[in-house]
Amino acid sequence: MLTRIVAGNLKKRDDGETPIIEGYFSVFDTESEIYPNFFEKIDKGAFNGTLDDDVRALINHDTTFVLGRTKAGTLELKTDDKGLFGKININPKDTAAMDLYHRVERGDISQCSFGFDITRSRETIDKEAPYAVHSTIEKVKLYEVSVVTFPAYEDTEISARNKDYCKKQIENIKKKAKLAFRKSRLKERIKKCL
């Protein structure tokens with residue numbers, strides 16, 4: 001499972017009866033550098049077909065701290081033009097959840113993330129820098145959304161997913177990029193000779 005961090009999106013509110021934490025767990029069409037020369041963005045249709053799945057809201061991707069769940073109706077997820085928006089109805093009897101709610105209220109915690117698998121993506125090669133890869137995630141399988149405490153971008157993103165898997169995936173994409181670049185150069189040379 002992969003994760004991505006979204007900074008500064010969480011807010012708390014109270015609807016009169018239930019404390020709520022809400023915000024954007026993913027933002028569309030915003031490119032981030034995942035590794036050197038590997039850039040990624042989430043397509044607007046990436047979550048189509050996965051929001052009806054049984055998705056959980058967690059604290060720091062920890063499955064022992066469940067804040068809400070779509071199946072239980074305590075987590076609501078929807079997409080709009082900006083991204084994946086979520087609303088978590090906090091259980092006032094859950095002390096860990098209420099502690100988190102108050103941390104969001106004070107502004108101590110304002111970041112969020114989501115856990116997913118990529119089921120379809122599209123990669124392009126930067127013509128100016130032939131080995132820079134730009135990946136657009138077109139489809140995902142969403143497992144969870146998380147309120148996160150400390151999103152040190154490099155460390156959190158890499159430690160939250162399988163490093164070896166990501167390195168292999170990026171190396172394969174780079175090999176394909178190099179091969180495509182060589183093919184295009186060869187085609188240009190053949191055209192000049194003709």
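Among the residues of the range 76-128, just one is hydroxyl-bearing (Ser, Thr, Tyr), surrounded by fewer than 14 Cβ atoms within 10 Å (Cβ to Cβ) and closer than 17 Å to Leu58 by Cα, namely Thr95.
When the criteria are applied in full, Ala160 fails the requirement of being of a type in the set (A, V, I, L, M), modelled with pLDDT of 80 or more and open to solvent by less than 100 Å² (accessible area, probe 1.4 Å). Within the range 30-54, the set of residues being open to solvent by 70 Å² or more (accessible area, probe 1.4 Å), over 14 Å from Ser121 (Cβ atoms) and either of a type in the set (Asp, Glu) or modelled with pLDDT under 85 (or both) comprises Glu33, Pro36, Asn37, Asp52.
Can you name the residue in the range 6-29 that is open to solvent by 30 Å² or more (accessible area, probe 1.4 Å) and among the β-branched types (Val, Ile, Thr) and is also modelled with the lowest pLDDT among such residues? The extreme case among them is Thr18.
Considering the range 100-128, and only residues there that are touching a residue at least 40 places away in the same chain (Cβ under 8 Å) and of a type in the set (Gly, Ala, Ser), the residue that is nearest to Ile173 (Cα to Cα) turns out to be Gly115. Criterion applied to Val140, Val133 was being in contact with a helix residue (DSSP H, G or I) (Cβ under 8 Å, 6 or more places away or on another chain), surrounded by 19 or more Cβ atoms within 10 Å (Cβ to Cβ) and closer than 14 Å to Lys41 by Cα, and the one residue passing it is Val133.
Set side by side, the residues Glu154, Glu171 differ, and just one is modelled with pLDDT under 80, exposed (fewer than 13 other Cβ atoms within 10 Å of the Cβ), within 18 Å of the chain's Cα centre (by Cα) and closer than 16 Å to Tyr35 by Cβ, which is Glu154. Please determine whether any residue of the range 36-46 is touching a helix residue (DSSP H, G or I) at 6+ places or on another chain (Cβ under 9 Å) and more than 26 Å from Val104 (Cα to Cα). Yes, that holds for at least one residue.
The values are calculated or read from the model by the stated rules, or taken from the named source; none is laboratory data. The structure displayed is predicted, hence computed values, not measured ones. Please note: Cβ atoms are built from the backbone with ideal geometry, for glycine as well, and neighbour counts cover all protein chains shown. Side chains included, ligands, DNA and RNA excluded: accessible areas come from the protein's heavy atoms. Shrake-Rupley method; radii C 1.70, N 1.55, O 1.52, S 1.80 Å.
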